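The values are calculated or read from the model by the stated rules, or taken from the named source; none is laboratory data. Being a predicted model, the structure only gives us computed values, none of them experimental. Neighbour counts are summed over all protein chains in view; Cβ atoms, including those assigned to glycine, are modelled from backbone coordinates with ideal geometry.
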């Protein structure tokens, strides 16, 4: 055994998958996972700089590791992910107890970087962008997949859109797509190991270009036996094709949920953001998706307080939220991302006004979410059971195809199975239900009515 490793993960699902991959390749080289910082010989912080809160939390926790390094000089501390890519050697200058900095194209080098550090006294910094990203092809060991019945697959990385507020093109690079043969083969391998749900990841999956189109890739995965659900994120509205919309009506395994960020309801603000679509075209997409799949659920991202957002622009955002009626909304106050185009704009909305608008917007969305959840009481949904409920060990929880969390009483052996659950109560952010008694050997459990 080479030692014990602990990885802290911040940010998006792609970072979660990157951490699974690093655990897997380190495990193959003789490293053992640990939850104890005192026991750890290697601590990795896989970071995010897209959102201010995740950025600040990661930097704070890097600083808090200094005493552990002082007590155990052989401890190796590595920073990976978006902050590593953005700051590079500046991290070492600011926090000299950090030993390794690996950018977003170099995660596959984690074992090599650790060996380099052990052989030399100086820090190891590698933030080079390449024409290919080797880590995209790494398949994590199922032992590090949480839950083990859901597999996340990188189909591409990077973004060419350069929205004026967004740091992603600068820290993830330009779009690079994996060859579709490798993606389909990875999905088959997961299916053979018992995975029920495939979740495709990319900064903008709609612009996937790995030899076939993204809708064609979905059709290939839909044909794989054993896979029962397909999800993907994230989509950019400007690249939402009619062919992709049609998939929601024709592919039986594609879940009836889509995450489609709109960011603002004001055309003027959308132009300042360089989003390359209008309020009207976004609403047209929503209507087309509902025509293709009437029961489709929507989630989205929205920013309040962007430079130039006056009262009228903010009102238009609220109106769009009320018109679309999202199931879930990820809402954020605008924060400057250094190096982006918007960083040069005057931050014209006062912090207090940003907070006020965010609270009101979130209140509007909470009411909509609760209304939607209440409309589901008495209905029955197939739920893929993910794990044991946090607040009640006698309950398990899972997700509907619309991506709504459902808690219900049931044995832990239901985890990884699809169970028909009748909804009995609506909660602000989830549902509560009940199911028929578990019948061993059945994949789907019919509800008794």
Selection from the range 171-181 of residues crowded, with 17+ Cβ neighbours inside 10 Å and under 19 Å from residue 104 (Cβ atoms) yields 171, 172, 173, 175, 176, 177, 178
Test residue 168 against the stated conditions and say whether it is buried (at least 21 other Cβ atoms within 10 Å of the Cβ) and in the same structural domain as residue 344 (by TED's automatic domain parsing).
-> yes
Considering residues that are modelled with pLDDT under 90, more than 24 Å from residue 194 (Cβ to Cβ) and out of contact with any strand residue (DSSP E or B) (no Cβ under 6 Å at 6 or more places or on another chain), the number found within the range 392-449 is 2
Residue that is nearest to the chain's Cα centre (by Cα), among those in the range 406-416 that are assigned to a strand (DSSP E or B) and crowded, with 16+ Cβ neighbours inside 10 Å = 406
Hey, any hits in the range 189-202 for a residue that's in contact with a helix residue (DSSP H, G or I) (Cβ under 6 Å, 6 or more places away or on another chain), crowded, with 21+ Cβ neighbours inside 10 Å, in contact (Cβ under 8 Å) with a residue 12 or more places away in the chain and within 30 Å of residue 140 (Cβ to Cβ)?
-> yes
Can you name the residue in the range 293-315 that is surrounded by fewer than 17 Cβ atoms within 10 Å (Cβ to Cβ) and part of a helix (DSSP H, G or I) and is also nearest to the chain's Cα centre (by Cα) among such residues?
-> 315
When you look at residue 42, is it outside the structural domain of residue 143 (by TED's automatic domain parsing), farther than 14 Å from residue 76 by Cβ and surrounded by 16 or more Cβ atoms within 10 Å (Cβ to Cβ), yes or no?
-> no
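Condition check ((1) closer than 20 Å to residue 272 by Cα; (2) touching a helix residue (DSSP H, G or I) at 6+ places or on another chain (Cβ under 8 Å); (3) outside the structural domain of residue 82 (by TED's automatic domain parsing)) across all residues:
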site: 329; (1), (2), (3): no, yes, yes
site: 358; (1), (2), (3): yes, no, yes
site: 363; (1), (2), (3): no, no, yes
site: 386; (1), (2), (3): no, no, yes
site: 389; (1), (2), (3): no, no, yes
site: 409; (1), (2), (3): no, no, yes
